[in-house]
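A quick write-up on the structure given underneath.
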Amino acid sequence: MAAEKMALAKALTSSLRTALDSDPKVLVMGEDVGKLGGVFRVTDGLQKDFGEERVIDTPLAESGIIGTAIGLALRGYRPVAEIQFDGFVFPAYDQIVTQLAKMHARSLGTVKLPVVIRIPYGGGIGAVEHHSESPESLFAHVAGLKIVTPSDASDAFWMLRQAIECDDPVIFLEPKARYWEKGEVDPSGIPGPLHAARVVREGRDLTLAAYGPSVKTCLAAAAAAEEDGTSLEVLDLRSVSPIDFDAIQRSVERTRRLVVVHEAPVFFGSGAEVAARITERCFYHLEAPVLRVGGFHAPYPPARLEEEYLPGLDRVLDSVDRALAY
Amino acid sequence: MTVESTAARGKPRRAAAQRTAAKKTGTKQAAKTAAAPGTAQAGQSAQAPEMVQLLTPEGERVEHPDYAVETTPGQLRDLYRDMVLTRRFDAEATALQRQGELGLWPSLLGQEAAQIGSGRALRDSDYVFPTYREHGVAWCRGVDPTLLLGMFRGVNHGGWDPNSNNFHLYTIVIGAQTLHATGYAMGVAKDGADTAVVAYFGDGASSQGDVAEAFTFAAVYNAPVVFFCQNNQWAISEPIERQTRVPLYQRAAGYGFPGIRVDGNDVLAVLAVTRAAAEHARTGQGPTLVEAFTYRMGAHTTSDDPTRYRDKEELAAWEGKDPILRLRRLLERESAADEAFFADLDAESDALAKRVRESIRTMPDPDGMAMFEHTYADGHTLVDEERAQYATYLASFADHEGN
């Protein structure tokens, strides 16, 4: 397959297709993933090509989807379950936290749970309630789960393949506001490690660490700052559990300042964990406290207010200015 | 052609499968399973509870129009032995909790027939998803009883390989395992395997959403799963009336698969009904709900005090229906066991109890670093980092001791 420019959502479709092609144990399951191709069309055409036995429309019951995915994994399958929207994962939260995350450890390593849970997450598309949330911290707090989130089409393709090949349960968060962003995907390439962060823009004065939908925001912020003569480095964390602290440390030892950006609420968010760890690791390198930009401690607001809530360009640059002022 | 796609089209393969089942097993009960009159079928309105019974509390065999079980004296003795040894193991575990060797023990006292009858109905290739009280089923599956004690002593969260005996780990979150069983059964159907999957749960679990979702998924995909509900009348302190307004087995009708109530203290009836339900599953006819009507003679767990919420009279009434006593009466009535058998069994029980005591008292605590093991199959840098930090911390004491 030659390199091709495609939207992030289509890169996911292509990734699922190659996974279904290469391993007969891979299954795709979820609500409306069959004929409809999913509400975001990520599974478009898969049922037609791989049949109802492998691309399974499920009853409308999220706990049932994850609970049966666990059973299928115990039988030797590699289910890729789709939760339709971030806010709908909570009926399955019990199965994810009390069962899926712990079963490998409870079995003393004798059973493996290669289950991928795909969840479109994040805001910015003008959606109704429960369709714009960022629940990554609620999963990151649970040992036994891995959490990754791509920010561009190439990562979408490769990270989903790697998540499916992983023998651990993976929460695969898809930045729904970026589904239509196009990027080059080279299926003949060789991907880097699934949980490694990546410098997407080099800079000297401050590091912006972000993931998923916020990476694009940070790149825009870095471009704007450059016009003011400020050089920002942008680090795409890519993985929320584990977090590649070594990569953040390497960057911060050079730039000496760090701002973490995510859409999830700042309070108890992944930015807090990054701030604490980087403060420990880089205490003598830091010229300023690690700052965080993200959602507020309020329910995700109605769509007309979401631009206020989301960490946009101006709020990111405001934090950059504050960090540089130390 | 798969089971699921057949079910979706509603082709009459059910009848063919039924004939196959009858031919393969040659038994009366298998042939009659699919539409046995004693079962609640889809669309049927709630009716007065009926219960399959083949052995009365007085130890008399009775006929049932749809279920029968042929037994040799040796088989009857084997079932009796299973129940006696299971009860003895359970009593020993309760005693070990009282002595401080276990943190907790959920007794199966009174439910021996439900567990041994259903456990002995299965083949090695079938797969069981238990709650945390299926000590008798574990016995039938060949899981060493001492392995069940680890999690209650606090040395692990489940100390056996589920695939060694096709007996999954105990599940403490009520009803969660019914979905795992259903998913596993969906996989069995995809594989075209000749395997029944059994999901154990209780009357309290019947209120859980996961159980309702498991019924839905199993019905929609025609999964080869037997939902085996031990209705022991009590969910800790809450009576069955707090869980349901209809007999539990009748709920199956609303999902579109058969449900049947069996005398859960009658090992022969449980054996016959579970055999039929498992064969129903193996032959592509989909799920069955079996409600084993029984009674929790003891406390919910060793932390419970049932005297606060139930009458002595109720307990006494159920003591009269004791599952072991009634089989003993049958053995005596049919002269199927002599005094030497009972004496040998007493000695075997004592030996088992001794082995259980010794194994628990010599069970080592896990190594302090064990908690980091198996958190992930493919590793995780945070776990590696914390493990190393904790090892360094522990080593710092060794340094001091060295000084």
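Per-structure values
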{"item": "Stretch gain in nm, segment A:A276-A:D318, where the contour uses 0.36 nm per residue and the Cα spacing is subtracted", "result": "13.0 nm"}
{"item": "Mean residue ellipticity (222 nm) of chain B, computed from DSSP H runs ≥ 4 via -39,500 (n - 2.57), nearest 500", "result": "-14500 deg cm²/dmol"}
{"item": "Long-range amide H partners of B:A68 with built H, under 5 Å", "result": "B:Q29"}
{"item": "Peptide A:95-104 - average C-beta neighbours from other chains (10 Å radius)", "result": "4"}
{"item": "Relative contact order (%) - chain A, alpha-carbon pairs under 8 angstrom, separation at least six", "result": "16"}
{"item": "Euclidean distance of C-alpha centroids, region A:225-245 and region B:356-390, integer Å", "result": "36"}
{"item": "Net lengthening on full extension, B:D367/B:F342 (0.36 nm per residue, minus Cα-Cα)", "result": "4.7 nm"}
{"item": "Neighbour net charge for B:Y127 - beta-carbon separation under 11 angstrom, K R +1, D E -1", "result": "+1"}
{"item": "Cα-based equivalent ellipsoid, chain A: semi-axes from gyration tensor eigenvalues, Å", "result": "33, 20, 19"}
{"item": "Descending semi-axes in whole angstrom, ellipsoid equivalent of region A:144-252, from the Cα gyration tensor", "result": "25, 16, 12"}
{"item": "Cα-based convex hull, the protein assembly as shown, per residue volume (Å³, whole number)", "result": "181"}
{"item": "DSSP bridge pairs, chain A: antiparallel proportion in percent, nearest 5", "result": "20"}
{"item": "3J(HN,Hα) from dihedral phi, region B:85-102, Karplus parametrisation 6.51/-1.76/1.60, rounded to Hz, x for glycine, proline", "result": "5, 5, 5, 5, 4, 5, 5, 5, 5, 4, 4, 5, 5, 4, 8, x, 7, 10"}
{"item": "Spin-label pair B:R333/A:K5, simplified geometry with 7 Å Cα→Cβ offset, distance in nm", "result": "8.5"}
{"item": "Nonlocal amide H pairs with A:E233, under 5 Å, H built at 1.01 Å", "result": "A:G203, A:R204, A:D205, A:L206, A:T207, A:L208"}
{"item": "Enclosed volume per residue, in Å³, of the convex hull spanned by Cα atoms of region A:4-185", "result": "101"}
{"item": "Inter-label distance, nm, simple model (7 Å from Cα along the C-beta direction), A:H130/A:T98", "result": "2.1"}
{"item": "Over 24 Å (Cα to Cα) - which of A:K5/A:K176; A:K35/A:K176; A:K35/A:K146 fall in this group", "result": "A:K35/A:K146"}
{"item": "Residue with peak Gaussian network fluctuation, chain B [Cα springs, cutoff 10 Å], from B:Y80, B:Y376, B:Y132", "result": "B:Y376"}
{"item": "Extension reserve of the A:D246-A:H297 stretch, reckoned as 0.36 nm per residue once the Cα distance is removed", "result": "15.4 nm"}
{"item": "Karplus 3J(HN,Hα) series, Hz, for region B:261-278 with 6.51 cos²θ - 1.76 cosθ + 1.60 (x for Gly, Pro)", "result": "9, 10, 5, x, 9, 10, 5, 6, 5, 5, 4, 5, 5, 5, 4, 5, 5, 5"}
{"item": "Per-residue mean of C-beta atoms belonging to partner chains within 10 Å, peptide B:174-181", "result": "6"}
{"item": "Mean separation of Cα contacts under 8 Å, 6 or more apart, over the residue count of chain B: relative contact order %", "result": "24"}
{"item": "Peptide ranges A:53-62, A:277-286 listed from the most packed, as the mean C-beta count within 10 angstrom indicates", "result": "A:53-62, A:277-286"}
{"item": "Sites B:A316 and B:D191 - FRET efficiency at Förster radius 45 Å, r taken between beta-carbons, to 0.05", "result": "0.35"}
{"item": "Isotropically averaged projected area of region A:198-324, using the convex hull of Cα atoms (one quarter of hull area), nm²", "result": "7.2"}
{"item": "Under-21-angstrom lysine pairs by C-alpha in chain B, whenever the two are 8 or more apart or on separate chains", "result": "6"}
{"item": "Relative contact order of region A:198-324, defined on C-alpha pairs under 8 angstrom at six or more residues apart (%)", "result": "28"}
{"item": "C-alpha long axis of helix A:62-74 to longest principal axis of chain A, angle in °", "result": "70"}
{"item": "Cα-derived Rg to Rh of region B:175-233, Kirkwood definition", "result": "0.99"}
{"item": "log₁₀ of I(q)/I(0) at q = 0.13, 0.15 Å⁻¹ - region B:247-403, Debye sum with one point per alpha carbon", "result": "-1.00, -1.08"}
{"item": "Per-residue average of Cβ from other chains inside 10 Å of B:161-167", "result": "2"}
{"item": "Kirkwood-based Rg to Rh ratio, region B:63-136, C-alpha trace", "result": "1.06"}
{"item": "Sorted peptide list for B:197-205, A:152-160, B:155-163, B:103-111, criterion being average Cβ within 10 angstrom, highest first", "result": "B:197-205, A:152-160, B:103-111, B:155-163"}
{"item": "Overall Cα dimensions of chain B - principal axes, largest extent first, Å", "result": "81, 55, 40"}
{"item": "Region B:192-254 and region A:171-196: distance between their alpha carbon centers, rounded to Å", "result": "42"}
{"item": "Tail beyond 14 Å, pair distance distribution of region B:352-403 (Cα, percent)", "result": "68"}
{"item": "Lys, Arg +1 and Asp, Glu -1 on Cβ, resulting dipole of region A:214-326 about Cα centre, debye, nearest 20", "result": "320"}
{"item": "DSSP bridge orientation in chain B - percent antiparallel, rounded to nearest 5", "result": "15"}
{"item": "Sparsely packed trypsin sites (Lys or Arg not before Pro) within region B:284-334, loop by DSSP, other Cβ within 10 Å at most 14", "result": "B:R310"}
{"item": "Among beta bridges that DSSP assigns inside the protein assembly as shown, antiparallel share in %, nearest 5", "result": "20"}
{"item": "Under the Karplus curve 6.51 cos²θ - 1.76 cosθ + 1.60, θ = phi - 60°, whole-Hz ³J(HN,Hα) for region A:122-129, x wherever Gly or Pro sits", "result": "x, x, x, 10, x, 8, 7, 3"}
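Every number in this text was worked out from the coordinates using simple rules, so none of it is lab data. Please read these numbers as outputs of a predicted model, since none were measured by experiment. Here the Cβ is made from the backbone with ideal geometry for all residues, glycine too, and neighbour counts use every protein chain on show.
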